[in-house]
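Read the figures in this text as sums done on the coordinates, not as results from a lab. It should be emphasised that the depicted structure is a prediction, and the values quoted were computed from it without experimental measurement. No Cβ is skipped: glycine too gets one built from the backbone with ideal geometry, and neighbour counts run over all protein chains shown.
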Amino acid sequence: MSRVVVLDVVRKPLLLPFFRTRVPAGFPSPAEDHLGGKLDLNSLLLPHPHATYLVRVEGHSMTGGESGIRDGALLAVDCRLSPQHNDVIIAVVEGQHTVKRLLRRGETWWLVPDNPAYPSVPLNGEPDLYDCWGVVTHVITEARPGRLSRYVRVS
């Protein structure tokens, strides 16, 4: 069973230093000093703040795909966006919450996990079977475990 926990969101600007230079994930390059100013994380993650919520992922059905979603990640979910083909969404299927990729195959819409070990769910146009609670716009994960899990708990 999946659980959705809606978290309070601070609505005031959070300005942090932003460097325009990209950091190579391959071989190191000479350091460049290109401070690009300040970036407001709230405006980046929450373009529609009154229609956006945060949810914590529990489970592994989205692990291993291009979405970068893994167990424990925080997702920014925008309810104002209309779901489209290939969007990752929060859905309610037969009363259960889940995060999956929405794909159209022919005339049928599917909820598809990024992890191939989990089954896809055909929607077959049955409105009582499925409801979309928003489109995932950002994935927030920890590179150094501890702080996120300490402050955001799923009970």
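Expressed as a rounded percentage, what relative contact order does region 49-151 have, with Cα pairs under 8 Å and six or more residues apart?
Working: 214 pairs, mean separation 30.7, N = 103.
So the answer I get is 30 percent.
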Approximate spin-label separation residue 120-residue 66, in nm, with each point projected 7 Å along Cα-to-Cβ = 1.5
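Over every pair of different alpha-carbon atoms in region 49-151, take the mean of 1/r and invert it; report that Kirkwood radius in Å. Kindly include the intermediate steps, with their values, before the conclusion.
Working: mean 1/r = 0.0707 Å⁻¹.
Taking the inverse mean of 1/r over all distinct Cα pairs, region 49-151 comes out at 14.1 Å.
What order do you get for 98, 137 when you list them from fewest to most C-beta neighbours inside 10 Å? Please list the in-between numbers first.
On the way: 98 22, 137 18.
Ascending number of Cβ neighbours within 10 Å: 137, 98.
Which FRET efficiency, nearest 0.05, do residue 40 and residue 143 yield, Cβ-Cβ r, R0 22 Å?
Values: r = 22 Å, r/R0 = 0.99.
The formula returns an efficiency of 0.50 here.
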Going from the fewest other Cβ atoms within 10 Å to the most, one would list 130, 118 as 118, 130
